[in-house]
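Here is the structure we will look at, set down as structure tokens.
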Amino acid sequence: MFALLSRPTHAAWLTLAFAVSLAVAICHPANATSPAAVVASVQVVQIKNFAFVPAIVTVAPGTTVTWTNVDEDPHSVVANDKGFRSRALDTQDRYSFTFTKAGDYAYFCSLHPHMTGKIIVKPR
Amino acid sequence: MDERTSDRIDRRGMLQCMGWAGTGALYMMSGGIASSVTLDAALAATRPGARLAPVGSFSFLQISDSHVGFDKPANPDARATLREAVAKAKLLPVKPSFILHTGDISHLSKDAEFADADAIISEAGIPVFHVPGEHDMLDEGGGKAYLARYGKDTLGAGWYSFDHDGVHFVALVNVANLQPGGMGHLGDEQLTWLAKDLAGRSASTPIVVFAHIPLWTVYADWGWGTDDSTQALSLLRRFGSVTILNGHIHQIIQKVEGNISFHSARSTAYPQPAPGAAASPGPLRVATESLHGMLGIRTATVVPGREPIALIDAALG
């Protein structure tokens, strides 16, 4: 698993995310036996009005989730178990993480911890 | 306010301008109980014929949420409004003994933001005591940059205490290691230290506690409170006069609970909505001409005896 932190153009980002997801799906040993995961996909979560929208998302293994902060206040995306962690995201900053293994990934904003969300990763 | 504008204004104009920014509050310790007035009122009270502070008293200043680096529409230049706040503080006829900065010095914990904030605040020419806000914990080290700059003689994430003219000041940190789903957090290590710090002190010692996030629950839905503040407050209840100062919510809200009074200060950068009054607690955009009236500083005057600490909240314009 790996994370990307960048502020590319939207189109460039989607291309990159797709390439990364595909690479992960193809190369990661955990995915070798899971044909569903070979289909690379992306999921977008907005950080808006001090909330993750949508707060709960279900995705297939290999999906790259990209969070975009559209608030005027900075936020962060931090796994409760610290398995992934963004830096502080200012307005329009993005953070991406590719989820390769099935499981529930609860996360929160380390600046405003009442902001919580969850990524559920399971084969379709 | 840009340079050109400030060149044009006179003292009266400057005062009006500062009123809008509302960035400071003056606390007067009087007999150990703090009460506040706006800085404008404090300045007014010292005009010819007004009663002067009694001999033996001292005052200090609270500045909060300067958010140096913030440049969004709610206030495109947070440095300028901080400068106005400091300029307003310099107009006080009696120089405060020191400044308490109740956090969010910077907007994104960048070295340049801290450095600029320090340069601007140092213009006041008096010592400054800090506590961090959550915006000061955003470096890679999660607060190491703050501690490198302000953490000398502090413990843990930056807590400490000191005494001044018989008043015991306690600086608490409730923005470190925040927990999922929670609010502000002090943590067991800091609470244990607080118990030791207060133990053995006479119940008649006036106490001033300052922290970034409110130590009472102003509005849980927006995280405006501190999860384990009850434990801290239980240690403070035996004292006859406890004044708790905070920032974080960018507006003046006060509450009294027995001998404990809570005072939330304005920001020098931008206002935030009243609890629940908007979809989120994000920066509140107001008309340019209204902004200075919603920013400010606070002064406190302490007078030996049985009177409360007098707090004065002053808008920037």
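The values are calculated or read from the model by the stated rules, or taken from the named source; none is laboratory data. Model, not experiment: these values are computed from the prediction. Methodologically, a virtual Cβ is constructed for each residue, glycine included, from the backbone with ideal geometry; neighbour enumeration extends over all protein chains shown.
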Is it fair to say A:Phe108 is away from every other protein chain (no Cβ under 12 Å) and either touching a strand residue (DSSP E or B) at 6+ places or on another chain (Cβ under 9 Å) or crowded, with 23+ Cβ neighbours inside 10 Å (or both)? no
Unmet requirement for B:Trp222, which otherwise passes all of (1) within 14 Å of chain A (Cβ to nearest Cβ); (2) more than 25 Å from A:Cys109 (Cβ to Cβ): (2)
Any residue at all in segment B:190-207 that is away from chain A (no Cβ under 14 Å), in contact (Cβ under 8 Å) with a residue 12 or more places away in the chain and acidic (Asp, Glu)? yes
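Condition check ((1) in contact with a Ser or Thr (Cβ under 9 Å, 6 or more places away or on another chain); (2) surrounded by 16 or more Cβ atoms within 10 Å (Cβ to Cβ)) across all residues:
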{"position": "B:Ala269", "(1), (2)": "yes, yes"}
{"position": "B:Gln272", "(1), (2)": "no, yes"}
{"position": "B:Ala277", "(1), (2)": "no, no"}
{"position": "B:Val286", "(1), (2)": "no, yes"}
{"position": "B:Glu289", "(1), (2)": "no, no"}
{"position": "B:Gly293", "(1), (2)": "no, yes"}
{"position": "B:Ile312", "(1), (2)": "yes, yes"}
Pick from segment A:49-92 the residues that are more than 9 Å from chain B (Cβ to nearest Cβ) and polar (S, T, N, Q): which of them is nearest to B:Pro180 (Cα to Cα)? A:Ser86
Mind checking which residues of segment A:111-124 are in contact with an Asp or Glu (Cβ under 7 Å, 6 or more places away or on another chain) and within 13 Å of chain B (Cβ to nearest Cβ)? A:Leu111, A:Lys118
Evaluate segment B:259-275: report whether one residue or more is in a strand (DSSP E or B), among the charged types (D, E, K, R) and either modelled with pLDDT of 95 or more or more than 28 Å from A:His75 (Cα to Cα) (or both). no
Inspect segment B:219-236 for any residue being hydroxyl-bearing (Ser, Thr, Tyr), more than 16 Å from the chain's Cα centre (by Cα) and at pLDDT below 95 and give the result as yes or no. no
Take the residues in segment B:158-186 that are on the phi > 0 side of the Ramachandran plot and facing chain A (nearest Cβ under 10 Å), then tell me which one is farthest from the chain's Cα centre (by Cα). B:Gly181
Being of a type in the set (D, E, K, R), assigned to a loop (DSSP other than H, G, I, E, B) and either over 24 Å from B:Glu84 (Cα atoms) or within 14 Å of another protein chain (Cβ to nearest Cβ) (or both), is that true of even one residue in segment B:277-285? yes
The correct count of residues that are within 15 Å of B:Asn177 (Cα to Cα), outside any strand (DSSP E or B) and of a type outside the set (A, V, I, L, M, F, W, C) in segment A:93-124 is 4
Qualifying residue in segment A:93-104 (condition: surrounded by fewer than 19 Cβ atoms within 10 Å (Cβ to Cβ), basic (Lys, Arg) and away from chain B (no Cβ under 12 Å)): yes
Given (1) among the basic types (Lys, Arg); (2) part of a loop (DSSP other than H, G, I, E, B); (3) under 22 Å from the mean Cα position of the chain (by Cα), index of the condition B:Lys255 fails: (2)
Failed item, numbered, when B:Leu233 is tested on (1) assigned to a loop (DSSP other than H, G, I, E, B); (2) surrounded by fewer than 23 Cβ atoms within 10 Å (Cβ to Cβ): (1)
